[in-house]
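These notes are about the structure you will find just below.
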Amino acid sequence: MIFTPEKCRIPDQRMKPFIDAEEIWDILGSTQSDAASVREVISKSLDKKRLTLRETAILINATDPELVEEIKQGARMLKEQVYGNRIVLFAPLYIGNKCTNNCSYCGFKASNKEAVRQTLDDKALISEVEALEDNGQKRLILVYGEHPDYSPEYIAHTAKIVYQVKKGNGEIRRVNINAAPLDIEGFRIVKEANIGTYQVFQETYNPEAYKHYHLGGMKRNFEYRLTSLDRAQEAGIDDVGIGALFGLYDWRFEVMGLVRHTNHLEACYNVGPHTISFPRIQEASAINFDGKYRVSDEEFTKLVAILRLAVPYTGLILTARENPAVRSEVMRFGVSQIDGGTKLEIGSYAESLNEKQDLNREQFHVNDSRSLNEIIDELLRDGYLPSFCTACYRLGRTGEHFMEFSVPGFIKRYCSPNAILTLAEYLEDYAPEATKLKGYEVIETNLVELEKSHEKVNVPEIRRRIEYIRAGQRDLYF
Ligand code: SAM
Ligand code: SF4
């Protein structure tokens, strides 16, 4: 049993709110943190067990720099022992920025009259996907404002188009969605389009703070948003992504909120979230944000390490909101997915705009605007294995992070070989010569490691498949 059942003041019931702000503050306020308790909690996590709220609070309350370093070291160890060196790559694709809500931190809010409102029509959508495929992308997350135009039928329609676009050897093999919460029927319609993960970020788990920032539209309803991924589960979408927008409220409370959301989903559906996102607020057009709860780099790196330890079997997503230096540091704590070659202006992948970012055309400012290939170069240099793998979801092995974590040898038998094969495809089809040379060196190092491993890994078969890819075959996976 690696789920840790936990009795909370509000008992977990499907589609019923579960956050008790007072309880979270009580736990944070009453939990003592000393070297012995911090070490005990870290070792529970290294033992592959999810932490309780109280244990998470022990890590949050540790302020002694040496203990914080031990927490970070624990997160690095967990990553190395469990997940190895793969990093999955994806890109966001903004479909439309019409919005009826008024989230004070967002450039798309209805009251922002400076925002240039656009929605990709089918032709423009196809051009965007072709441009992304030409860069080597295989996994996208489609992003939408909240507006009657972006109905479940429309979201499903855009996802289906994306899957149909094939250019050269390019194709998108996994489409994830970040859009407004839906009702159960709406989630069913979107599921039909074969989507991967459906993400809804709670933004802040504190109901009072939530009220303060969400001033108009459907999104004002805290509880409807809080229970949205329960409805997704009811509709059969079992890959769901949660997140908090760090900077709206006290980061310590938000980390507890994310853990509480995780244990709620586990209690009700026997499966936690597929991924957790932890965006930090960035500059945006007409933003109204006083910075009281701004999260420093130091706090941010600490909170990512705590999340890694608190939910050892959940994927962590780090986006281009962060600058390359912060990204490089927190990747060592076990981030599993990052975006690369990111552009947020609607229509900009095909237009090759973005020499200068235009805040009125994007939701917020990105701090890492490097191309996908530049990101891959850095990953290869730092000893990571970039991956475009989509095998689990296509073979019906949903909940892959859980399997990576809990099935002995799963990573070596499936994830690493698939990372190698998808990287080889990228190197053949899209990489400049220098990246190709370096990439095949990294592949060879990883193959030698797999040969040495005690797991039953069929390395000759991986080598054979690499040769097939060099000869022109595509989409080979285990
Ligand atoms: N409109 C949908 C919604 O609000 O759920 C779709 C997602 S919105 C386009 C994507 C996410 O971007 C939001 O959930 C929020 O966490 C994040 N976001 C909004 N404004 C931001 C800002 N100024 N800086 C960083 N992230 C921001
Ligand atoms: Fe609209 Fe989403 Fe931006 Fe809020 S965060 S204003 S709902 S696009």
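The single residue among Phe300, Phe246, Phe289 that is of a type in the set (Phe, Trp, Tyr) and open to solvent by 30 Å² or more (accessible area, probe 1.4 Å) turns out to be Phe289. Is at least one residue of segment 51-58 surrounded by 20 or more Cβ atoms within 10 Å (Cβ to Cβ) and outside any helix (DSSP H, G or I)? Scanning segment 51-58, I find at least one residue that is surrounded by 20 or more Cβ atoms within 10 Å (Cβ to Cβ) and outside any helix (DSSP H, G or I), so the answer is yes.
Just to be sure I understand, how many residues within segment 57-96 are within 16 Å of ligand 1 (Cβ to nearest atom) and under 23 Å from Ile338 (Cβ atoms)? Don't jump to the end; show me each part of the working.
Just the residues of segment 57-96 that are within 16 Å of ligand 1 (Cβ to nearest atom), to begin with: 90-96.
Next, from what is left, pick out any that are under 23 Å from Ile338 (Cβ atoms): 90-95.
Matching residues across segment 57-96 total 6.
Which residues, taken from segment 395-410, are open to solvent by 10 Å² or more (accessible area, probe 1.4 Å) and under 19 Å from the mean Cα position of the chain (by Cα)? The answer is Arg397, Thr398, Gly399, Glu400, His401, Phe402, Met403, Glu404. Among all positions in segment 231-245, there is at least one residue which is on the phi > 0 side of the Ramachandran plot and assigned to a loop (DSSP other than H, G, I, E, B).
Applying the set (1) out of contact with any helix residue (DSSP H, G or I) (no Cβ under 9 Å at 6 or more places or on another chain); (2) open to solvent by 10 Å² or more (accessible area, probe 1.4 Å) to Ser277 leaves exactly one unmet item: (2).
Yes or no: Ala434 within 30 Å of Gln233 (Cα to Cα) and modelled with pLDDT of 95 or more?
On the way: within 30 Å of Gln233 (Cα to Cα): no; modelled with pLDDT of 95 or more: yes.
Here the answer is no, as Ala434 does not meet what is asked.
List the strands (runs of 3 or more DSSP E) inside segment 304-394, counting only whole elements, that have at least 3 residues being open to solvent by 10 Å² or more (accessible area, probe 1.4 Å), assigned by TED's automatic domain parsing to the domain that holds Leu89 and acidic (Asp, Glu).
Correct list: empty, since no element meets the threshold.
Any chance segment 22-44 includes a residue that's part of a loop (DSSP other than H, G, I, E, B), open to solvent by 40 Å² or more (accessible area, probe 1.4 Å) and under 30 Å from Ala179 (Cβ atoms)? No, every residue in segment 22-44 fails to be part of a loop (DSSP other than H, G, I, E, B), open to solvent by 40 Å² or more (accessible area, probe 1.4 Å) and under 30 Å from Ala179 (Cβ atoms).
Using the structure shown, decide if Asp230 is modelled with pLDDT under 95, within 16 Å of Thr275 (Cα to Cα) and more than 16 Å from ligand 2 (Cβ to nearest atom).
Working: modelled with pLDDT under 95: no; within 16 Å of Thr275 (Cα to Cα): yes; more than 16 Å from ligand 2 (Cβ to nearest atom): yes.
Considered against the rule, which asks whether it is modelled with pLDDT under 95, within 16 Å of Thr275 (Cα to Cα) and more than 16 Å from ligand 2 (Cβ to nearest atom), Asp230 comes out as no.
Restricted to segment 116-172, and to residues there that are in a helix (DSSP H, G or I) and aromatic (Phe, Trp, Tyr), the residue that is surrounded by the fewest Cβ atoms within 10 Å (Cβ to Cβ) is Tyr163.
The values are calculated or read from the model by the stated rules, or taken from the named source; none is laboratory data. If you're wondering where the values come from, they're calculated on a predicted model, not measured in any experiment. For neighbour counting, all protein chains shown are included, and Cβ atoms are generated from backbone atoms with ideal geometry for every residue, glycine included. To get the accessible areas, we keep the full protein, side chains included, count just its heavy atoms, and leave off ligands, DNA and RNA. Shrake-Rupley method; radii C 1.70, N 1.55, O 1.52, S 1.80 Å.
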